[in-house]
Structure formats: C-alpha cells, structure tokens
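Accompanying notes for the structure given below.
Where a number appears in this text, it was derived from the coordinates with a stated rule and is not lab data. As the structure is a computational prediction, the values presented were derived from the model and not from experiment. Positions of Cβ are generated from backbone atoms using ideal geometry, with glycine treated the same way; all protein chains shown enter the neighbour counts.
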Amino acid sequence: MQREYDKYARQDGMNAVTREEFLGWKEKTKAMLIRLLGLDRMEMCNIKPIVAEKVRLDGGITREKVIIQTEEDVWMPMYILIPDECAGNSNAKCYIAMCGHQGGGKYSVAGCADIPQVKEAIDRFNYDYGLALAKQGCVAICPDCRGFGERRDMAKQGDEYFLEGTCYNLAHMAEPLGMTVAGMNTWDGFRLIDYIEERGEWDTDDIACVGFSGGGMQAMWLGALDERVKKVIISGYMYGFRDAHLYLNNNCSCNYVPHLWEHVDMGDIAAMIAPRRLIIQSGLDDHLNGPGGIDNVNKQVDIIKKAYSLFDAGDNIRHDVFPGGHMWHNEHLSEYISM
Ligand SMILES: [Zn+2]
C-alpha cells in the first residue's frame, strides 16, 4: 500500500507559480472536491430556524439554542453565544465553532462545564473555544455536527455515550453510497452560513470558522469550499495524508474521503483558503502528526504558504506550534481575533 501510495498520490497538488495559475487550479480542484465529498447530491431546503431556548450566562452572554433544517428532515441544533454588546450589532463578528470527537458536540465547545463529563473534556483539550471567543466579544455559533451531541444515531444514544459520537457508523453507511461525513458536515456549514445571512443581525462580510481536531477538519473544508468564510482557525488537524492513512490507521473513518489522496494532500485543501486569513495551531507532540512528527505538519504548511506568497499575503497565514500534545490553545486568541 505504501508503494501504491507513493506511485499515485497528489497528482493534482498546488504547484501554481502565478496568481492566475492558482485561481485556475483552485476552480478545477473545487469542482473535483465537491464530487469526491458527495456534495453534488445534496439538496437545498427551507432552513426553518427555530429558537428553542434562551439562557442567560455569567459575563453578559445570552445562549440561544437554535435548530435549523440543513437537508429535508435533517435538523442541526446549535448553541449561539451572544455577548450583550453583539445583540443586534451589525459590526459584531461571527465565529462558527465546529466540534470534534470526545466532547459531546456543542456542549464542550459552548463551555457547558456544569455537565461533569463535559467539564473533563474541556479540562483535557481546552475544548470550550466557543465560550472563549464569546468572552472576547464575538458571537460564537457552536453546532452539533453529524453524529455528535443531540445528533447521535441509534447506536450510541443514552447518557453513557454522551461524549461519544456515531460518526463512525455514519461513515460506514455513507462510504458505499459514495457519500462522506466530511461532505455532509461541510454542507451543514454552508447552510449555517445561509442562516447567519438570513438572520442578518451580525457582520456577514467577515464570518470566521474555527475548530479543534475533527472540528479543525470541518473548519478547513468549509473555508476551502465557501468563500463567505473570511478567516479560518484550524487546531490539531494539519498533517500529510500518507502518515494519517498508512500509519495512524486507527483514526476514525469520518475523516476519510475515498480517492482524495490521489489528487491532493491536506495542505492543498487548506491552500484553497488563500489569500483569506488562516491560523493553524499544532502541538509539537501531537500523536496525530504521525511518525513524521512536526515535519509532517510543516510540509503541508509549506504548500499553504506557497499559495499565500502568490498573493503577497504572508501576513494572512500564521502557524503557531505549541509544546505538548493534542489540544486547543487560547494563548494568542485576542491576536487571532484582531488579525
Ligand atoms: Zn469520527
């Protein structure tokens, strides 16, 4: 499999040397990725937003629970954390804060530390980045991605599975149908931005998307495929596919997009975000970096930086490497917000 990988991998990577070449590559790559993700089968529907709950949190933040329809009969619940100064403020910045594994979906990201299991996840990964953003005066929109939180499927409903997800089961259903969990979550992200635009309460020209781990994966895909996202923060999810697929073969299959590796590596996908603002966080000892360690990360970041250099936009790409393992970092959050 390693020999096969080396023979056929990354045949459509980002090798542009001019802006025009880059834009041509990006257009072709976007069409190809939409097909590989299975997005060409998704169908529009009315979003039908429901505000199901409003709770006052400490620190002058209102937490709304909103549910939207992303496909016919597919509903996505989310918490929206609204600092008082952002209510009805068309200058307020929106951060879509995507969730990864082992956090109970929106509950960790929105900082629901009153739930003991969620508190443990927050302590372990700094998982409450949605709440951290709201405390810094941003609107933080924290959805349940497919298979997590209130969207767990039959296999793992019940309190004992509260932090777990059924993304694995979803991936096994999707793959034989030519669909992908990454594609479904990206679609839900498109529809969430539609909702933000429809609601029209905050700045819709400067929407950001952030996420840690599996949430970083979602932020990367949404930023790459939706130009309405103007800033992306990817934490704990940037490394070469070769190590991920052939060595870290116990990773959850909700990451997998069949045939993707033949066309592009992860850095190529993130390069599509150029020249929009992009921040990448890596842990020096993150096990997901694979046997190649931080070199396996840096090679992807080099691909991304090459794209930014074509736009003389080196200031719009930032790579922060932190000591330690797989976790979100808040140390530079205020700098990210002002970037
Ligand atoms: Zn998964």
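Averaged over residues, the count of other Cβ atoms within 10 Å places the peptides 326-332, 104-110 in the sequence 104-110, 326-332, highest first. When both region 293-319 and region 29-58 are represented by their alpha-carbon centers, they are found 28 Å apart. Partner aspartates and glutamates whose Cα lies under 17 Å from the Cα of K28, excluding those fewer than 8 positions away in the same chain, are identified as D12, E20, D40, D226, E227, E262, D265, D268. Given R0 = 35 Å, the distance between the Cβ atoms of D203 and D58 translates into a calculated FRET efficiency of 0.90. Each helix, a run of at least 4 DSSP H residues, gives -39500 (n - 2.57); summed and divided by the residues of the chain, these come to -10500 deg cm²/dmol at 222 nm. DSSP beta bridges fully contained in the chain are about 45 percent antiparallel.
Approximating the spin labels as points 7 Å out from Cα along Cα→Cβ, the I50-to-L23 distance works out to 4.5 nm. Dipole check for region 1-92: with +1 at the C-beta of Lys and Arg, -1 at the C-beta of Asp and Glu, and the Cα centre as origin, the magnitude is about 240 Debye.
In sequence order, region 130-135 has phi-based couplings of x, 5, 4, 5, 5, 5 Hz under the Karplus curve 6.51 cos²θ - 1.76 cosθ + 1.60, θ = phi - 60°, and Gly or Pro positions carry x.
Rounded to the nearest 20 debye, the dipole magnitude of region 2-338 is 280 debye, with +1 charges on Lys and Arg beta carbons, -1 on Asp and Glu beta carbons, and the Cα centre as origin.
Note on D315 and Y247: the model spin-label points, each 7 Å out from Cα along the C-beta direction, lie 3.7 nm apart. Considering only V210, N91, F241, and ranking their Cα positions along the charge dipole of the chain that arises from unit charges at the beta-carbon of Lys, Arg, Asp and Glu, the one farthest toward the positive end is F241. Listed values for region 85-99 are Karplus-derived 3J(HN,Hα) couplings in whole Hz (6.51 cos²θ - 1.76 cosθ + 1.60, θ = phi - 60°), namely 5, 9, 5, x, 9, 6, 8, 5, 8, 9, 10, 7, 10, 7, 9, and x replaces Gly and Pro. Taking the average, over residues, of other Cβ atoms within 10 Å as the packing measure, peptides 253-260, 138-145, 236-243, 10-17 rank 138-145, 236-243, 253-260, 10-17 from highest down.
Ordering 290-302, 90-102 by mean Cβ neighbour count within 10 Å, with the highest value first, yields 90-102, 290-302. For region 315-331, the Karplus equation 6.51 cos²θ - 1.76 cosθ + 1.60, evaluated at θ = phi - 60°, returns couplings of 6, 8, 10, 9, 10, 9, 9, 10, x, x, x, 7, 7, 6, 10, 9, 3 Hz by residue, with Gly and Pro reported as x. Which of M14, C254, H332 sits closest to the plus end of the dipole of the chain, meaning its Cα is farthest towards the positive end, when Lys and Arg get +1 and Asp and Glu get -1 on the C-beta? My answer, from the dipole projection, is M14. Centroid-to-centroid, using Cα positions, region 84-100 and region 193-271 are 20 Å apart.
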